[in-house]
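Enquirer: Input: one structure, supplied below.
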Amino acid sequence: CRVRFSLHRQELEAGGIGLDLISTLRQYFNLEPRVQRGKGQGVSVVVHNVVFACLLDRLFGRHARHKTIAADLLRLPDDCLFWLLVGILRGDGCVSKSRAPRLIIRLANARLIEQLAFMMDRLGYHATIDDGRPVKVEFNGYTSESVVYSLSVAASYAPDLYTAVSGDTLLGMQASPQRQLQLDGYVLHRVQEVEKFYYRGPVYNLEVEQ
């Protein structure tokens, strides 16, 4: 049984996620991966292990369009959930280092995008989901149309996440300007942090009659 991680050749250079992946497989799973060179700039990190393959299948499922994050992982403590999110963004996301830097991930899997948005919301990051857009995908000489969904978060709203994913800090970068929205004489400001606490006990439904 085989597990294959598809990477770009640059991701096997110093500081790339490919080297971290190989180190993790060796240190925590006692597995010896093989690196296979593909066409162009593509490379694969391959592992032959039935137990490891079954573990990934249980936690994430198979095939890009049907993968999800297991509920057990979504219930991890915040610090563990943070590093799971960092790993996903390092693997499939990208960094936009423009005037207003952002973290962006685009997937053809609406359910997985919703789960990532849930993770960000739980960690206190204000993320934006763009509606799915049809795009043409070419693979092995075949062209197909797929709907791609985008999830992004401004670095100014998630500086620790941005630094962990990109390796850069926000020093010297200009944060995106905050636009003020006025409504009925009030100035509305974006909520950047919400305090949460867990309550266990009875819940009452109160109805008020006028």
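The values are calculated or read from the model by the stated rules, or taken from the named source; none is laboratory data. Being a predicted model, the structure only gives us computed values, none of them experimental. Cβ atoms come from the backbone with ideal geometry, glycine included; neighbour counts cover every protein chain shown. Note: accessible area is taken over every heavy atom of the protein model, side chains too, but ligands, DNA and RNA are not part of it. Shrake-Rupley method; radii C 1.70, N 1.55, O 1.52, S 1.80 Å.
Enquirer: Could you give the length gained by full extension between Gln10 and Val46, i.e. 0.36 nm per residue of separation minus their alpha carbon distance, to one decimal place?
Expert: 11.3 nm
Enquirer: Would you mind getting me the FRET efficiency between Thr24 and Phe118? Use the beta-carbon distance for r and R0 = 22 Å, nearest 0.05.
Expert: That gives a FRET efficiency of 0.35.
Enquirer: First check a/c for region 19-64, with a ≥ b ≥ c the square roots of the eigenvalues of its C-alpha gyration tensor; if it is under 1.5, answer rounded, and if not, answer prolate when a/b is larger than b/c or oblate otherwise.
Expert: Taking the square roots of the gyration eigenvalues as a ≥ b ≥ c, region 19-64 is oblate.
Enquirer: I would also like to ask the following. Any idea of Ser98's accessible area? Nearest 10 Å², probe 1.4 Å.
Expert: Looks like 60 Å² after rounding.
Enquirer: To continue, here is another question. Give me the one-decimal nm value for the distance between modelled label points at His66 and Ile104, 7 Å along each residue's Cα-to-Cβ direction.
Expert: 3.0 nm
Enquirer: Taking the solvent-accessible surface of protein heavy atoms with a 1.4 Å probe, what is the per residue accessible area of region 1-103 in Å²?
Expert: For region 1-103, the per-residue accessible area is 65 Å².
Enquirer: Same structure again: Limiting things to C-alpha atoms, what are the Rg and the maximum Cα-Cα separation (Dmax) for region 1-157, in angstroms?
Expert: My reading of the Cα-based Rg and Dmax gives 16.4, 46 Å.
Enquirer: Additional query: If you roll a 1.4 angstrom probe over the protein chains with everything in place, what fraction of the accessible area of region 13-122 belongs to carbon and sulfur, to the nearest %?
Expert: C and S fraction of accessible area: 54 percent.
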